[in-house]
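Structure record follows, encoded as structure tokens.
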Amino acid sequence: MNKLILLLIAFLCFFSCKTEGDQSKHKSVIDILGRASPIQLERNEKTILLEDYFLDVTRIEEVQTLKGISASLSEDKKELKLLARSNIALLSEMIVKTKDRTYSFLLKAPQKKTTQLVLKDNGYKKVQVKGEMNNWNPNQSSFTKSGDSWKTTFVLNPGDYQYIFVVDDGKELLDPENEMKLANGFGGFNSLLRIPKPDPSKIPYLRTKSFEGNKVVLQKRNLIKDVFVFVENQRVETEEKDDQIIFSIPPKFKSLDRSFVRVWSYNDAGMSNDLLIPLKNGLPVKEAAELNRHDKEAQIMYFTLLDRFNNGNKKNDAPVNDKRLLPVANYQGGDIAGITAKIKDGYFEKLGINALWLSPITQNPATAFQEFPEPKRFYSGYHGYWPISSSKIDHRFGTDEDLHQLVKTAHENDINILLDYVCNHVHKDHPIYKKHPEWGTILDLPDGRKNIRIWDEHRLTTWFDTFLPTLDLSNPEVVDLQTDSTLYWVKKFNLDGFRHDATKHIPEIFWRTLTRKLKQQIMLPENRSLYQIGETYGSRDLIQSYIGSGMLDSQFDFNMYFAAREVFAKKETSFEQLANAMQETFNYYGHHSTMGYISGNHDAPRFISYASGALRFDENDREAGFTRDIQVKDSIGYKRLQQLHAYNLMIPGVPVIFYGDEIGMPGAGDPDNRRMMRFDSLNEKEQETREIVQSLAEFRRNRMSMIYGDTEILHQDKETFVFARYYFDEITIAVFNKSNEEKTISVDFPKRFNGHLLKAHFDTRFMRADTNIEFTLKPSSFDIITEK
């Protein structure tokens, strides 16, 4: 009997151990964190760094591509080389198989075309060009003289490119043979090179139509050759019926609290818009109330320049004692406790904010420093961008406990905290530089110039000033140290992400290393969502090069801001320029990016100063702030600012409100644009502007169409602009009139919204007749139209 029992125990143990072993073999493995970004093929061989996508590349077993695209996987599986032959499909699927999974990647065919710029000779010794095609660096393009002309060639994507010729000793010339030009934002103009784009009336257009359970129906306009529907990096089958595309979300995604459907299509004329549908437990999210602060597309961000926002603890006030320092360039008392106080009193909740971007908080010098360029004024580090420590909070801003309390309070109020962190440079008194001066980049150039603020020509090495050495972040040892310093803050203080300063001045290897460490050490083991947004002034190509799997989530779309500023602040600039900028943004970053759309920032004059006529585009904006009192000159500036806010809160992406822009604070260039925030004693126009921003933010927080909606431009001319966003059966329409006269415009909208009763939220009159709406817009106005 005992022998039988022992045999039975051994038998059960054998099978239980085998089952446990089998389960461990099939334990859930995460190969890819988040949505794998599409891969843009080139006319030449394209190298894909697979560690950008896969946490463990050794699990990769096979790569399959469409006929016409060759794929070569390196022995260590870290690199994949793709070579596309001519005449391949505009979109195709690449399949990567691991030991137990199959993943789909979207491949985009190369679209670049060869074009030539020509300048007739006029006795020139040297001809160059700077523009969006070469990141505004004239040294990147060489002209050769042929007969009586100078010529150079570019290979460019379809789209618009601003440029200007540079001849001999640096004289800038518009292209005399090109009538097309655009304002450069500084009172002058650039020539405009236009590479023909696909005809929008012929390419496919996709909309979300309906869903029932896990069955989703999309609507298409124009014929398509193929459609790609991905759910969490896996392609699902589709069915086409008349003007509909139908698919079902596989049941296996029910276990995921949040996943996403992505859709693309194409035909012979070009690529369609892309769609993004959030899922909760495998079903489309219907109401915005189901979203939370971890949904990056649903963020409404507010930028606080810490020293200038709110003084919550006067005991830590310690301005620099230096008579050479003007008050506007000294510390004024804002601190971490001041931010916490404004969360607690409901300021951000009323404004609809669910993400706060804090300016840098690391320790800065206790003394003033003189700038190298003229007029050589003295400044303090009140802004936080002169770090002398990588781990200590500046005593003038607070303590570790203050930051812990801020993050805790923010999270209790459903607000993310993003820290502005400086990795590109340090102050000369930082221990890193004092111990390793060889880690700094070159300051004295071979041609005798100081490498100070040469932003484009020496993009990766230039210093911000003589006391702010740029670190050589191509050095692995420096990269490792600086990425670990960055991780310290998010690990210790439970932060939700970063705004990365001077992104374009830092080599890509740094961003890849940082993002990989964040995934491996925080995001995966702690199941945390982190958001990284960068700062790059430059061409869309340059901005895009820092975005994607393995890099940053997004960057600020400064090109869109400059276009919006030009259009909304200037009466004479056409809305067609803004509509074109919107389409360029979609072409580069997709129709559902998390790019940042600013109302302004600490590096540019306040929008309202331009819009009210207090500041001219062609003057020295920084000197204006030192030589005269910049106020709101004309109340029309408030109307124009309200339009800018409406635009930012209506388009896809992350709207970013610079502190004070919600009330129309004026200011010239830095540091005049960094005045102390005012919360009380607002005039009527300031109060009205804040209330309008609150209303707009409330619409966005509560409407899926304003967050994940498909975007369609319905009308644009010089003075009026209309576009709509659709999310299944929800529609939101934005209408703008920048004229100082009443305007009546007529637009068509989709038939399937015929039965919807519509409401104008800012009192615009309109009449409907079937699929046509006629709007009567008040002077200098906007409106948001929704279903009742």
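The values are calculated or read from the model by the stated rules, or taken from the named source; none is laboratory data. None of the values given here were measured: they were computed from a predicted structure. Quick reminder, even Gly has a Cβ in these numbers, built from the backbone with ideal geometry, and neighbours come from all protein chains shown. Only protein heavy atoms, including side chains, enter the accessible area calculation; ligands, DNA and RNA are left aside. Shrake-Rupley method; radii C 1.70, N 1.55, O 1.52, S 1.80 Å.
At a glance:
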| item | result |
| --- | --- |
| Among beta bridges that DSSP assigns inside region 251-381, antiparallel share in %, nearest 5 | 75 percent |
| Over the chain: helical MRE at 222 nm, DSSP H runs n ≥ 4 each giving -39500 (n - 2.57), nearest 500 | -6500 deg cm²/dmol |
| DSSP bridge pairs, the chain: antiparallel proportion in percent, nearest 5 | 80 percent |
| Under 23 Å between alpha carbons - lysine pairs in region 231-290 that sit 8 or more apart or on different chains | 4 |
| Whole-percent carbon and sulfur share, accessible surface of region 335-399, 1.4 Å | 58 percent |
| Shape of region 414-453, Cα gyration tensor, a/c cut at 1.5 | oblate |
| The chain, relative contact order in percent, only Cα pairs under 8 angstrom and at least six apart counted | 9 percent |
| Cα shape, region 354-446, gyration tensor, a/c 1.5 rule | prolate |
| Exposure rank, largest accessible area first [ILE442, ILE773; 1.4 Å] | ILE442, ILE773 |
| Backbone HN-Hα couplings from phi across region 170-182 [Karplus 6.51/-1.76/1.60, Hz, Gly and Pro as x] | x, 5, 9, 10, 5, 5, x, 9, 10, 7, 6, 8, 10 |
| Relative contact order of region 41-160, pairs being alpha-carbon contacts under 8 Å that are 6 or more residues apart, as % | 21 percent |
| Set of lysines near LYS171 by C-alpha distance (under 22 Å), chain-local residues within fewer than 8 positions excluded | LYS120, LYS125, LYS126, LYS130, LYS145, LYS151, LYS181, LYS450 |
| Percent of Cα-Cα distances greater than 12 Å, calculated over region 100-143 | 75 percent |
| Reachable lysines from LYS788, criterion Cα separation under 16 angstrom, eight or more residues apart if same chain | LYS759 |
| Kyte-Doolittle mean at least -1.0, axial Cα span of 30 Å or more - DSSP H helices of the chain | 2-25 |
| Computed accessible area, TYR266, all protein chains, 1.4 angstrom probe, square angstrom | 20 Å² |
| Region 654-711: trypsin sites (Lys or Arg not before Pro) in DSSP coil with no more than 10 other Cβ atoms inside 10 Å | none |
| Heavy atoms of ILE509 accessible to a 1.4 Å probe, total area in Å² rounded to 10 | 90 Å² |
| Too-long pairs where the Cα-Cα distance tops 20 Å, listed order kept, from LYS685/LYS778; LYS435/LYS504; LYS296/LYS504; LYS639/LYS718; LYS570/LYS743 | LYS435/LYS504; LYS296/LYS504 |
| Heavy-atom accessible surface of region 65-112: percent carbon and sulfur, 1.4 Å | 44 percent |
| Relative contact order computed over region 334-405 (Cα-Cα under 8 Å; 6+ residues apart), in percent | 37 percent |
| Mean accessible surface per residue for region 238-352, computed with a 1.4 Å probe while every protein chain stays in place, in Å² | 43 Å² |
| Alpha-carbon centroid distance for the pair region 742-784 / region 340-373, whole angstrom | 40 Å |
| Global geometry of region 464-521, whether rounded, prolate or oblate, following the gyration tensor of its Cα atoms and the 1.5 cut on a/c | prolate |
| Charged-residue dipole, Cβ positions (Lys, Arg, Asp, Glu), the chain about Cα centre, Debye nearest 20 | 980 debye |
